[in-house]
1. Could you give every pair whose Cβ atoms fall below 8 Å, whose first residue belongs to the stretch 13-34 and is under 17 Å from Val124 (Cβ atoms) and among the hydroxyl-bearing types (Ser, Thr, Tyr), and whose second residue is modelled with pLDDT of 95 or more and open to solvent by 30 Å² or more (accessible area, probe 1.4 Å), counting only separations of at least 6 or pairs across chains?
2. When both residues are 6+ apart or on different chains and their Cβ atoms are under 6 Å apart, which pairs have a first residue that lies in the stretch 94-111 and is among the basic types (Lys, Arg), and a second that is at pLDDT below 90?
3. Output yes when any residue across the stretch 95-105 is closer than 24 Å to Val10 by Cβ and touching a helix residue (DSSP H, G or I) at 6+ places or on another chain (Cβ under 7 Å), and no when none is.
4. Of everything in the stretch 78-105, what is under 13 Å from Val137 (Cα atoms) and open to solvent by less than 40 Å² (accessible area, probe 1.4 Å)? Give them in sequence order.
5. With respect to Thr61, is the statement that it is in contact (Cβ under 8 Å) with a residue 12 or more places away in the chain, of a type in the set (Ser, Thr, Tyr) and surrounded by fewer than 19 Cβ atoms within 10 Å (Cβ to Cβ) true?
6. Sort out which residues of the stretch 128-152 are at pLDDT below 80, of a type in the set (A, V, I, L, M, F, W, C) and not in a helix (DSSP H, G or I), and write them in order of number.
7. I need the strands (runs of 3 or more DSSP E) fully contained in the stretch 1-54, keeping only those with at least 2 residues that are under 15 Å from Ser82 (Cα atoms) and either modelled with pLDDT of 95 or more or among the acidic types (Asp, Glu) (or both).
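The values are calculated or read from the model by the stated rules, or taken from the named source; none is laboratory data. Model, not experiment: these values are computed from the prediction. Cβ: placed from backbone, ideal geometry, glycine included. Neighbour counts: every protein chain shown. Only protein heavy atoms, including side chains, enter the accessible area calculation; ligands, DNA and RNA are left aside. Shrake-Rupley method; radii C 1.70, N 1.55, O 1.52, S 1.80 Å.
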Amino acid sequence: MRILIVEDDVLHRSFLREVVERELPDVTDLKEARNGDEGIALAMEHQPDAIVMDLQMPNRTGVEAARAIWHREPETRILFWSNYADEAYVRGISRIVPAGASYGYILKSASEDRLKLALQGVFVEEQCIIDRTVRGVQQRADDRLQGLTDSEYEVLIDIALGLTDRTISRRRGISLRSVQSRLQSLYEKLGLDQDSDRDADGAAVFNSRSRAVSIAFVRRLVNGKAIEAAELDYQAWANSTSQGEPH
């Protein structure tokens, strides 16, 4: 079995190597990458059967690296190993997992025994192993009454980038009324009450857009890495749009 470890922290990388070598005696080739870019390069060169992937790394997140690797090799087994159970990461992974792929998501705070079970389950038995905390986040995200739909999550990201209703309308290819409908639905699910959140003079206490983004960060629906990735996506769209306009 060929395994690749993608982890930017040298101590964590050393620990993973020790556990993998001890618990998976069938490993014939074990490579290490210090970030997502190196991980993609080594995966393309050596075509590992399985990968242990950190999520938050410089230059390119684990989600971005996994997307690139799965695009080329959809049967690669990937175990995500992270300090974070943010919904932003959970959503990001759920959107890129190929049909039928074996993958896992375990927190670094989990015991070594749980890490061993996850390695065996995903890499050897080809199961999907999800940490209980992460599973809870998945269930909340999938809840129709409380979890955000993909369209509501998109508009949350758009307002976090500071986009106007008109720009959101153009970018997403929807009407202004649809943008406002999505915003209203987002506010309701985040518990924003625009009618009651007013001072004694009847003036609004909060800017609804800013307040929604603040609540989303507190509830870990979004994080800095998600916004960084969204900014790159927006710049690519903006550039392609400007190039397509007549001069």
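1. Close Cβ pairs satisfying both conditions: Thr28/Arg2.
2. Every condition considered, the pairs that remain are Lys108/Asn83.
3. yes
4. Ala85, Asp86, Glu87, Ala88, Tyr89, Val90, Arg91, Gly92, Ile93, Tyr105, listed by residue number.
5. It is false that Thr61 is in contact (Cβ under 8 Å) with a residue 12 or more places away in the chain, of a type in the set (Ser, Thr, Tyr) and surrounded by fewer than 19 Cβ atoms within 10 Å (Cβ to Cβ).
6. Within the stretch 128-152, just Leu145 meets the criteria.
7. 2-6, 50-53
Residues are listed down the side, and each one gets a yes or a no for (1) at pLDDT below 85; (2) open to solvent by 40 Å² or more (accessible area, probe 1.4 Å); (3) of a type in the set (S, T, N, Q); (4) part of a helix (DSSP H, G or I):
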site	(1), (2), (3), (4)
Val155	no, no, no, yes
Ser169	no, no, yes, yes
Val179	no, no, no, yes
Arg182	no, yes, no, yes
Arg220	yes, yes, no, no
Ala236	no, yes, no, yes
Gln243	yes, yes, yes, yes
